[in-house]
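The structure under discussion appears below in the form of structure tokens.
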Amino acid sequence: MQMSTSSRYRLLAIHAHPDDESSKGAATMARYSDEGHQVRVLTCTGGERGDILNPNYGEVDDMIATRHEEMAKAASILGVEHCWLGYVDSGLPEGDPLPPLPEGCFALADTDEAVQKLVFHLRSFRPHVIITYDENGGYPHPDHIKVHAISMRAWDAAADPNYHPELGSAWEIQKMYYTHGFVSRRYELIEQELKAALEYAENSDIPRDALARVARWKALPDIYPRVTTRVEVGDWFERRDDALRAHATQVDPDGPFFIADLDIQRRVWPTEEFELAKSRVETEFPETDLFAGLEAIPTVDSEPAPKLDGAQRGTTSDHAPQGH
């Protein structure tokens, strides 16, 4: 096993659907990629049950192919590698009572099997740091909650040499973070700036319904006390937004995600927020770097993944996803 004295590290972000990577920690990934770190996104489902949320988008004949194309474009914009875990989107159940989840979906998949698939990727890529969701999934989508469940189990399983050695050599991830994208204080400050623009600009082009959406985000439960780490990424906000727009079926380019001018965002809140959930290294809070504390850890080159059948391996691609 070749050791390197390089200060470059590997970061893996585990997400439920294509577009999650562009709305949760995208600027951080773009920054670390630009700084020479190896950054990869692992998307657990194809997002095939997603509705078309862009009112200007037409009909889609093949949603999964379309979303794969969107994901490839977003990954290219962010400068990250990309892999699929290979599961089917569960959809977001609505109604009272909630309808049952569809058979064969990710949320109902065998957890042991899903953990094995994730461990394969962890042992192959050998990330020093992983990003995932908290126990609420960031928001209570069944696929997001499943991502949390398998991430927590895979943290220990990947490091255990007795756990399915056919999945590759054991690997100890050094740090695990939860991504916290919807910090109410951030939206409170942005709302203040937007209201000022409406009040003082005679010809403001800020739609009031979009302002109402920001107000709803501001009213979300306050997650900020859990934040341990704020990464300065204002210079990468444009890349973040371009990556999100790449998911054209899911995002209205004129919608509330893009209502606040980037200069306003850089001035009032130029960071992305994370919570250190697990660590095998010592660090001091508050952090400003996901790799804080890793200075004494020698980097280890990632190795080619062992050849397994597709059910274990999932579908892997660098930048451009392949069908499955």
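Values in this text are rule-based calculations from the coordinates and carry no lab data. Remember, it's a predicted structure, so these values are computed and weren't measured experimentally. Cβ: placed from backbone, ideal geometry, glycine included. Neighbour counts: every protein chain shown.
Of the GluC sites (Glu not before Pro) in the stretch 123-186, which ones lie in a loop per DSSP and count no more than 13 other C-beta atoms within 10 Å? Please list the in-between numbers first.
Numbers: sites: Glu135, Glu166, Glu172; in loops: Glu135, Glu172.
Here the sparse-neighbourhood loop sites are Glu135.
The GluC sites (Glu not before Pro) found in the stretch 225-286 that occupy coil by DSSP, while having at most 14 further C-beta atoms within 10 Å, are Glu282, Glu284. The GluC sites (Glu not before Pro) of the stretch 6-64 meeting both criteria, a DSSP state outside H, G, I, E and B (loop) and at most 12 other C-beta atoms within 10 angstrom of the site's C-beta, are Glu35, Glu59. Highest mean packing first, where packing is the average number of other Cβ atoms within 10 Å per residue, the peptides 107-115, 89-97, 126-134 line up as 126-134, 107-115, 89-97.
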